[in-house]
Structures are given as structure tokens and as C-alpha cells.
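Laboratory data are not the source of any read-out in this text; all were calculated from the coordinates shown. All values derive from a computational prediction rather than experimental measurement. We place every Cβ from the backbone using ideal geometry, glycine too, and count neighbours over all the protein chains shown.
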Amino acid sequence: MARLKTDWILFLTILAMVAFGLVMVYSASSAIAELRNGVAPYYFAVRQLGWALVSIFVLMYFKRMDYRRLNTPAWAFSGLGIVLGLLVMVYFFGSHHRWFRFAGIGSFQPSEFAKPALIVFLAYFLDRRARVINDRRTLQQAFVAVAMLAGVVVVADLGTAMVPVITAVIVFWVAGLEKKYMLRAGAIAMALGTVAIIWSPYRLQRVIGYVDPNYTKIEKIDTQGRLRAWLQQSTTVHDTTYQPLQSKIAVGTGGVLGVGLTQGKQKLMFLPEADSDFIYATVAEELGLWGSTAVLAGFIVILWRGARLFVLARDDFGKYLALGVTVAIVVQAFINISVVLDMGPTKGFPLPMISLGGSSLLSTLTCLGMLLSVSEHEG
């Protein structure tokens, strides 16, 4: 069979979304760059452009590389080891346990690279163990690797840990993991997630702010209001409904056609993180239904082409590499969009390729480079 060529639909979609993201980062950050940070309007956009150039170079590197070269213990285990080491270092020496900050360059978030590291490991692992996926030894090995990575990420950011964990669950399910093991893994994940939420008051307050913002249901049980008082004393943000409310105002204001590029008002100190975690609300306000639908369509194209590569790949490593990349990016995008539309508790992580954030962009294009490599070198 002739070698498959570049998937131009996927490749051009990626480039278009990166370019669109740069435009929206400028639009969303130009005003607050002056008002809040006292820098030039184009400061954050130029910095994002620098990250985009580096990320596209990395995309092309992995695109040209034969993906089968990743199917070695060196790539599978060294990636996990490096990410785990960086996560431990950032916990002790980083800012808020999440970022390394470098003067004049910006910040670097190691947890973003848990995704490509885990994806390569899962593809390597399942290439060798997929036929005995329900063997106890296989399950133990997989659980230790995923739990170790997720546990270290959770310490700094529960939301960021959700994406690699959900990715691992879906990949194992597709690989044929029996229902009873899926249920057990789900129960363990829910239990650990509940502990992580309760352990941090701000996480618990966000969840309560979504399901019971006025504490009407909780106060029927906690009649003296001790939980509410404790949460308000333990966290710096008391109104957890403010951000979703401002996001919905932005989306509603945009209507079908939007108010016009750069003309949005919610980004002017009303909507927090309008250039990063909530940039989809800025898109909806300025470009309306058509613009926000176009962004959603971009991720649907990635889902379509990734699923196609999963079916066409002739070896298990390529199949699970394509599946892992596709699931990780699409799941993160859909969760981000659902939060912006107030369909889930507020959780801060970026919209892939659109939001401000160099670490996220580099991590995402690394993954997509591997996905393109499956098409480029398959056959």
C-alpha cells in the first residue's frame, strides 16, 4: 500500500485555529494589558506569537518523525519521568505550585505536558498488553503509572488532572477493559476526586456555587451555616457565581453576528481570564454564534480526522497514539466550552490553541504533531 500523505484537512485546520487564537488573544488582552498591567496593547499577543512559532516548529518536528520511533521504553518512560520530576520541582520552587516563572519570558506550566507524556506511555503500553488488558498484572502496572501522574498533578491543579485521567479511561475502554474494572476505576477516581475537592476549600466552594449557589439546600442540613462561614473564611473569592454570570452575559450579548472584533465590553475588567480560560466567551461576544460555532467546528474536525486515523492505522501503537491525542484535545475543549456556558463548575484550564498560554499551546501542538505523524508515515 502506498504511503499516506499529509492529512491536509487536519493540518490546515490546526494552522487556522492557531492563527485565529492569536487574533483572539490580541483582541481579548489588548485592553487589559494597558489597564491592568501597564504594558503595550500587543504585549501578550507578541509573547503568544513567540510561543506559536516555537510550537509550530515542534509540530513539524513530530509530524516529520516516524511515529514508530516513539514506540520505545526511552520515549515512554523518560517522558513520564521528566514530567513527574518537573511537577515535584514546581511544587517546591514554583509559583502557586503550578508555574515556573522566568523574567522576560513568562511562565511555564509542567502539568500541561502530562498529556503528551501519558499518551505516548499508553500507546506503548497497550501495544504490548492490549491482548491481555484484563490481566491483573497489566491492570496493576497501568494503575500505578496513571495514578502516580494524576496524583502529582492533582496536588497543584485538580482540573488539569481531569484531562489525562479521562483520556486514560477512554483509551482503556476502547482497548477492551471489562466493565467491572471500569466501574472500579470510576469509583476510585470519584472517591479521590471528592477528597481532593473537600481538601481544598476553594474547590468545594466552586462546586457548591454551581449546584447550590444560594446555599438553600445545604442550609437545610447545616442549619447554623457553619459550612458557609468556613468556606468564606478559607477562600479569597466569596462570589463563585460572578465569573459564570459575566461569561453568560458575554455570550448573550454577542447574539448571532457578535458586536465586532475587538469591540467586546466584558473583557474590560468584568470577565476574569477573558484572554485565557474564558476566551470562548470573548469569541462569542465579539463574533457571535457564527464565530463560536466555527471554533467548535474546528475541534469536531480534529475529532473526525483523529477517529479516522484510529481506524486506518495498521499497528496498535499508531491506533492508540491517534486515539489518545484526539481524546485529550477534544475532551479538554468540550469541558472548557461547557464551563464557559455555565454547564459545569468553574475550573480553570485553557481552550486548546485559542487561549493565551504558551505551555498549553506547545503541549497541544506536540500532541497534534504526533497525530499528523500517524497519517504521514502510515502504510
Using a/c under 1.5 as the rounded threshold, could you call segment 288-366 rounded, prolate or oblate? The axes a ≥ b ≥ c are square roots of the C-alpha gyration tensor eigenvalues, and prolate needs a/b larger than b/c, oblate otherwise. prolate
Under a crude label model (7 Å from the Cα following the beta-carbon direction), how far is F270 from I188 in nanometres? 4.7 nm
Using Cβ contacts closer than 10 Å as the measure, can you line up M353, M65 from fewest to most? M65, M353
Using bins 10 angstrom wide from zero, how does P(r) for the chain break down, in % of all Cα pairs? 5, 22, 32, 26, 12, 2, 0, 0
Can you list the HN-Hα couplings for segment 15-24, worked out from phi with the Karplus curve (6.51, -1.76, 1.60; θ = phi - 60°), rounded to whole Hz and with x for Gly and Pro? 4, 5, 6, 5, 4, 4, x, 4, 4, 6
Quick one: if you stick a label point 7 Å off each Cα along the C-beta vector at S338 and T72, how many nm between them? 3.9 nm
Quick check on the exposure proxy: order M162, M182 from fewest to most C-beta atoms within 10 angstrom. M182, M162
Apply 1/(1 + (r/R0)^6) to the Cβ-Cβ distance of T241 and E34, taking R0 = 22 Å, and write down the FRET efficiency to the nearest 0.05. 0.15
If r is the Cβ-Cβ distance from L257 to M60 and R0 is 25 Å, what FRET efficiency results, to the nearest 0.05? 0.10
For the chain, what relative contact order do you get, as a whole percent, if you take Cα pairs closer than 8 Å and at least 6 residues apart? 30 percent
Across the chain, how many lysine pairs, 8 or more apart or on two chains, come within less than 19 Å at their alpha-carbon atoms? 10
Which shape class, rounded, prolate or oblate, goes with segment 246-379 when its Cα gyration tensor gives a ≥ b ≥ c as root eigenvalues, a/c under 1.5 marks rounded, and past that a/b bigger than b/c marks prolate? prolate
